[in-house]
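Worksheet: one structure, shown below.
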Amino acid sequence: MPSAISEGFWGLVGPFLFLWVSAKALPPTILRLVKERDFGTLLSPRRLQDAWFGTFWGRFGPQVKINASVKVLPLLDGRVVNGKLLDKPAVPGLEGVCIEVGAGAGYWVDIFANKHMDSSSSSSSMGRTKQVTRVYGIEPNPNQHASLRKHIAKAGLEDVYKIVPVGIEDLDNPKKWDGKIEKESVDCIVTVLCLCSIPEPERHIRELYGYLKKGGRWYFYEHVQCSVSRYMKAYQRFINLFWPQFLGGCQLCRPTGEYFRQAGEWQNADIAAPWDAQWHNVVPHVIGVLTK
Ligand SMILES: C[S@@+](CC[C@H](N)C(=O)[O-])C[C@H]1O[C@@H](n2cnc3c(N)ncnc32)[C@H](O)[C@@H]1O
């Protein structure tokens, strides 16, 4: 029982520690920009916030990836259904032409490497049995591209992974980038901890739906609004008064699961809380696969 109380306590206090860690990344960011004489960024609140978040995520992103990998890797293998972790794949895994939305510094790039293919189940249609042939990594923040390129090279994906240097809103604008993704041409979309940070999520999720083939799949692991009790909802809304300022515009209270459902018709929409969800999660998640 004492451990349940301490878990609850740290669950409720945890977001403040997170904000504190982020606050500590601001002075070194300002110092670096002064040294680089980048006064344009220093004097632009939006660009300064991006640079600050870049410093914070550079320190914290790799640890977040390690923690989230225990869910995301089985998800991409088709081993997460209704928020439960399965021993064997129950839905097909990542394959073919893929979009990674909000690729950031590239911490998740290696999920597309074919080393993750499941050779033991090559006779079944479940799991990762087919190669990833192309990845479009959508990342509009140019400050992230050098690191993203490094991770692409480290994963040996130079011939497969193309950085798309624009936001979702400009995917079909030939004036903004030198490429084109046809509507209804994509096998799989992956969004990991990014739909909290993009503008107009409802419109953009609908837009991304249009790029998926019929039968294509959208694998997601995202944090969303609290739904367990009105006290937790109110507490989350309170923390969200400061959270976006400290975390590069990240919004805590988005009903992303609803946005998915409303984006279009799905053959199957598996949207659930993960197996380890707790009542005291101020940053609760949804995980699952949507099949068009
Ligand atoms: C919280 S970060 C997550 C990065 C990465 N998925 C990770 O977990 O390390 C959200 C990312 O979404 C990107 N982003 C912001 N607006 C976007 C848009 N309109 N379209 C696509 N990505 C966007 C940001 O630049 C940022 O890199």
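The values are calculated or read from the model by the stated rules, or taken from the named source; none is laboratory data. These figures come from a predicted structure and were not determined experimentally. When we count neighbours, we look across all protein chains shown, and the Cβ atoms used for this are built from the backbone with ideal geometry, even at glycine.
Report yes if Asp270 is part of a strand (DSSP E or B), of a type in the set (D, E, K, R) and away from the ligand (no atom under 16 Å from the Cβ), otherwise no. Considered against the rule, which asks whether it is part of a strand (DSSP E or B), of a type in the set (D, E, K, R) and away from the ligand (no atom under 16 Å from the Cβ), Asp270 comes out as yes. When Leu193 is tested against the conditions (1) exposed (fewer than 14 other Cβ atoms within 10 Å of the Cβ); (2) at positive phi; (3) among the aliphatic types (A, V, I, L, M), the lone failure is (1). The listed residues are Gly78, Gly83, Gly106, Gly93, and the only one of them that is closer than 24 Å to Gly167 by Cβ and not acidic (Asp, Glu) turns out to be Gly106.
The criterion of being over 24 Å from Cys250 (Cα atoms), within 16 Å of the ligand (Cβ to nearest atom) and either modelled with pLDDT of 95 or more or surrounded by fewer than 22 Cβ atoms within 10 Å (Cβ to Cβ) (or both) does not hold for Leu86. Do we find a residue being in contact with a helix residue (DSSP H, G or I) (Cβ under 8 Å, 6 or more places away or on another chain), away from the ligand (no atom under 16 Å from the Cβ) and either over 19 Å from Asn114 (Cα atoms) or in a helix (DSSP H, G or I) (or both) anywhere in region 56-74? Taking every residue of region 56-74 in turn, none turns out to be in contact with a helix residue (DSSP H, G or I) (Cβ under 8 Å, 6 or more places away or on another chain), away from the ligand (no atom under 16 Å from the Cβ) and either over 19 Å from Asn114 (Cα atoms) or in a helix (DSSP H, G or I) (or both). Scanning region 219-231 finds one or more residues that are more than 24 Å from Lys292 (Cβ to Cβ) and free of Cβ contacts under 8 Å to residues at least 24 places away in the same chain.
Being among the aliphatic types (A, V, I, L, M) and away from the ligand (no atom under 13 Å from the Cβ) is the filter; apply it to region 229-264 and report the residue that is modelled with the lowest pLDDT.
My answer is Met232.
If the condition is being under 17 Å from Lys213 (Cα atoms) and charged (D, E, K, R), then region 139-192 contributes Asp172, Lys180, Glu182, Lys183, Glu184, Asp187.
Among the residues making up region 246-284, those that are within 20 Å of Ile198 (Cα to Cα), buried (at least 18 other Cβ atoms within 10 Å of the Cβ) and out of contact with any helix residue (DSSP H, G or I) (no Cβ under 8 Å at 6 or more places or on another chain) are Gly257, Pro284.
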